[in-house]
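The values are calculated or read from the model by the stated rules, or taken from the named source; none is laboratory data. Since the model is a prediction, treat every value here as computed from it, not as a measurement. Note that each Cβ is placed from the backbone with ideal geometry, even for glycine, and that neighbours are counted across all protein chains shown. Just the protein is used for accessible areas: all its heavy atoms, side chains included, with ligands, DNA and RNA removed. Shrake-Rupley method; radii C 1.70, N 1.55, O 1.52, S 1.80 Å.
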Amino acid sequence: MGGTSGTGGILVGTCSWTDRALVASGWYPSGRRDAEGRLRYYAERFPVVEVDATYYALPSARNSALWAERTPDGFRFDVKAFSLLTGHPTRAEALPAGLRAAGRGRVEPDEGLLDEVWERFAGALAPLRRADRLGTLLFQFPPWFAPGPRAEARLARCAERTRGWPVAVEFRHPDWWREDRRAATTDLLTGLDMSAVAVDMTQTLPTSLPPVTPVTSPRLAVARFHGRSPDWGTGTKEAKFRHTYTEPELTEWVPRLHAMARRADQLHVLFNNCCADAAVHAAESMRRLLGARTGADHAAEIAAEGEGPAH
């Protein structure tokens, strides 16, 4: 696998720039708190962000175009797949009106509906892709998505449906990365050309994902930091992700992340401890520890590369 020996290919950011707790924290300065101002301010500080709203509802092409317009060349959006595409419970109200069956409640999808949802999802993200702002599509599978023939068939169908798109996969069932199965999972994702997602979380629960760092695509490696709350499996969203990373907790990941970066063209490091401004401060600390660039530095470097030598 080809990669980079320096830090230019390491992009550090957070798992949302619109989270209500972040907006309410005061991190965005006065005059930069409207939709355009927030994204431009964020992109000056970080070169990558995850879009989580697309998990809850299908995105729109208009929003994708606005995101591209408001960010510099080289900025990357990692976009979470819509819940129906990853087998999570999805209410009919989350679908566009034309795709809702009669009645309300949870959707029971068939392959035809999944294909239609994927086509609409992909179409809405086309402006991001045309503008070269799309980092990856993140397929975060549910905790009950356990290893086995049915899951592998689902992954293969996902790879077929998303052919030509960059895809990263995060498992929430720990058996995928148990020591006796780790090599098989790595081989499976490598064969499907999907990037594996490394996870940091508490290690005190039966459902804890081990802190393994697989790299299954030469193009992209991904690490997501969820915090280390003991309420991961049972608490509210705030309880699950409430954690302030200490410097020793971040430092223990530095050699792992550098090793991942050497095996891929780009590494995305994303913080999901989304309570108040904890994620942005953790990302700032990790960026410093890794020697990675700010959003403005990364944009300037991309612009300089684009100018090239004079002819």
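The phi torsions of the stretch 117-122, fed into the Karplus equation with coefficients 6.51, -1.76 and 1.60 and a -60° offset, translate into couplings of 4, 4, 4, 5, 4, 5 Hz, rounded to whole numbers, with Gly and Pro shown as x. Surface analysis of the stretch 1-159 yields an accessible area of 45 Å² per residue, using protein heavy atoms and a 1.4 Å probe. Dividing the helix sum by the residues of the chain, where each DSSP H run of 4 or more adds -39500 (n - 2.57), gives a mean residue ellipticity at 222 nm of -11000 deg cm²/dmol. Taking amide H positions as modeled 1.01 Å from N, with prolines and chain starts lacking one, the residues under 5 Å from V79 and 5 or more places away or on another chain are V51, G135, T136, L137, L138.
Using the Cα centre of the chain as the reference point, and only Cβ charges (+1 on K/R, -1 on D/E), how large is the resulting charge dipole? Debye, rounded to the nearest 20. Could the numbers behind the result be given before it?
Details: 39 positive and 38 negative charges, 92 e Å.
With Lys and Arg at +1 and Asp and Glu at -1, about 440 debye.
For the chain, the antiparallel share of DSSP beta bridges with both residues in that region comes to about 5%.
At 1.4 Å probe size, what's the solvent-accessible area of L39? Round to the nearest 10 Å². Its accessible surface works out to 0 Å², give or take rounding. A simple count of charges around A184, restricted to other residues whose Cβ falls under 12 Å of its Cβ and scoring Lys, Arg +1 and Asp, Glu -1, yields -2.
Seen from P127, the other residues with C-beta closer than 13 Å to its C-beta sum to a net charge of +3, counting Lys and Arg as +1 and Asp and Glu as -1. Largest accessible area first, the listed residues Y42, Y56 line up as Y56, Y42 when surface is computed with a 1.4 Å probe on the assembled protein chains.
How big is the Kirkwood radius of the stretch 70-224, worked out from every pair of different alpha carbons and given in Å to one decimal?
Working: mean 1/r = 0.0598 Å⁻¹.
Evaluated on the stretch 70-224, it is 16.7 Å.
By a 1.4 Å probe calculation restricted to protein chains, K240 has an accessible surface near 60 Å², given to the nearest 10. Figure note: D175, D132 ranked by solvent-accessible area, largest first, 1.4 Å probe, ligands and nucleic acids not counted: D132, D175. Separation of the stretch 13-50 and the stretch 271-289, taken as the distance between their Cα centroids, equals 12 angstrom. Take every Cα pair under 8 Å whose residues are at least 6 apart in sequence, average their separation, divide by the length of the stretch 10-130, and the relative contact order is 27 percent.
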